[in-house]
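The values are calculated or read from the model by the stated rules, or taken from the named source; none is laboratory data. Everything quoted here is computed from the prediction, not taken from an experiment. All Cβ positions, glycine included, derive from the backbone under ideal geometry; neighbour counts span all protein chains shown. Only protein heavy atoms, including side chains, enter the accessible area calculation; ligands, DNA and RNA are left aside. Shrake-Rupley method; radii C 1.70, N 1.55, O 1.52, S 1.80 Å.
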Amino acid sequence: MHDMNRIIGTHDLLLITLDTLRYDVAEELAESGQTPNLTGLLPGGRWERRHTPGSFTYAAHAAMLAGFLPTPASPGSHPRLFAGTFPGSETTASGTWTFDAADLPSGLATAGYHTVCVGGVGFFNKLTPLGRALPSLFAESHWEREFGVTDPEALPNQIDRVAEIVARLPAERRLFLLLNVASLHQPNWFYLDDAARSKEEARSKGDTRASHAAALRHVDAHIGRLFALMRRPCFVIVCSDHGTAYGEDGHTGHRFGHEVIWTVPYGEFVLP
């Protein structure tokens with residue numbers, strides 16, 4: 001476990017949530033060398049198998065932004081990186097950074113961080129009171145339709161916005177950035193190799209585990225530019241908020257209890 005008391009205040013923080021990414025798909029692509037930009041930075045080149053705190057985006061992000069990141073899948077009491085002050089907490093350890101606030105962005109703001117959210121899926125769209133709930137935790141938040149689930153270029157569009165944010169940030173001001181990546185979320189059929197040749201055929205087949213994997217390859221192809229934009233030193237957490245089902249035991253989608261929903265990939269590292 002990283003000692004977050006040494007990192008907070010000295011490092012920028014980047015939290016990337018690869019919305020809906022399944023652990024099994026992420027691990028398969030890592031092992032076969034299809035996601036070199038991500039696995040090249042993950043410790044040992046492997047994703048850590050963890051359990052999400054929520055079965056859909058809002059629940060998982062509300063928990064993570066209160067300091068409850070995905071938990072290691074092995075038994076035991078696992079210390080947390082961040083924790084709000086809470087009497088009797090059994091997962092607050094010597095390396096845990098504690099904050100006296102109801103949420104992590106507010107705690108980091110008190111510590112001098114500029115807090116920014118660049119949203120992807122609908123819970124970040126700011127079009128409704130519910131869509132404004134998570135973004136309202138941040139000093140600055142961004143969402144455009146071009147960042148959302150229906151745009152195949154959502155991640156490159158989001159990274160363009162991140163470039164603008166980083167460029168105008170004063171050098172002495174630390175940054176906490178949440179980037180919610182929508183590309184893995186349904187619909188993702190348009191990432192299949194044959195989609196460009198036959199969009200109607202690809203659309204008729206719908207989203208599949210194969211198109212989910214294709215979306216992750218797309219993310220990996222662009223995420224290196226995001227890492228290059230970040231200032232050093234930067235502590236990175238990259239994980240899924242929850243998985244999704246493509247027919248397992250008759251299930252499709254998420255927001256229910258199933259192994260493919262609760263098991264998520266997780267990684268943390270300092271950018272070199």
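Miscellaneous remarks
- Pairing residues of the range 129-150 that are within 14 Å of L65 (Cβ to Cβ) with residues that are of a type in the set (A, V, I, L, M, F, W, C) and surrounded by fewer than 19 Cβ atoms within 10 Å (Cβ to Cβ), at Cβ distances under 7 Å and at least 6 apart in sequence or on separate chains, gives A139/A109.
- Restricting attention to the range 5-39, the residues being outside any strand (DSSP E or B), out of contact with any Lys or Arg (no Cβ under 9 Å at 6 or more places or on another chain) and either open to solvent by less than 30 Å² (accessible area, probe 1.4 Å) or basic (K, R) (or both) number 7.
- Close contacts from the range 45-61, counting a first residue that is touching a residue at least 40 places away in the same chain (Cβ under 8 Å) and closer than 11 Å to V264 by Cβ and a second that is aliphatic (A, V, I, L, M) and surrounded by fewer than 18 Cβ atoms within 10 Å (Cβ to Cβ), with Cβ to Cβ under 8 Å and a gap of 6+ residues or different chains, come to R49/A73; R50/A73; H51/A73; G54/A62; G54/A63.
- Scan of the range 217-272 for residues that are in contact with a His (Cβ under 8 Å, 6 or more places away or on another chain), surrounded by 14 or more Cβ atoms within 10 Å (Cβ to Cβ) and part of a strand (DSSP E or B), ordered by number: C234, F235, A245, Y246, T263, V264, E268
- Selection count, the range 40-77, where residues are of a type outside the set (A, V, I, L, M, F, W, C), assigned to a loop (DSSP other than H, G, I, E, B) and buried (at least 16 other Cβ atoms within 10 Å of the Cβ): 6
- Selected residue (only one of E146, E164 is under 23 Å from A221 (Cα atoms), surrounded by fewer than 17 Cβ atoms within 10 Å (Cβ to Cβ) and touching a helix residue (DSSP H, G or I) at 6+ places or on another chain (Cβ under 6 Å)): E146
- Each residue in the range 1-54 was checked for being closer than 20 Å to L175 by Cα and charged (D, E, K, R), and 3 pass.
- Among the candidates E31, E48, the residue that is acidic (D, E) and more than 14 Å from R217 (Cα to Cα) is uniquely E48.
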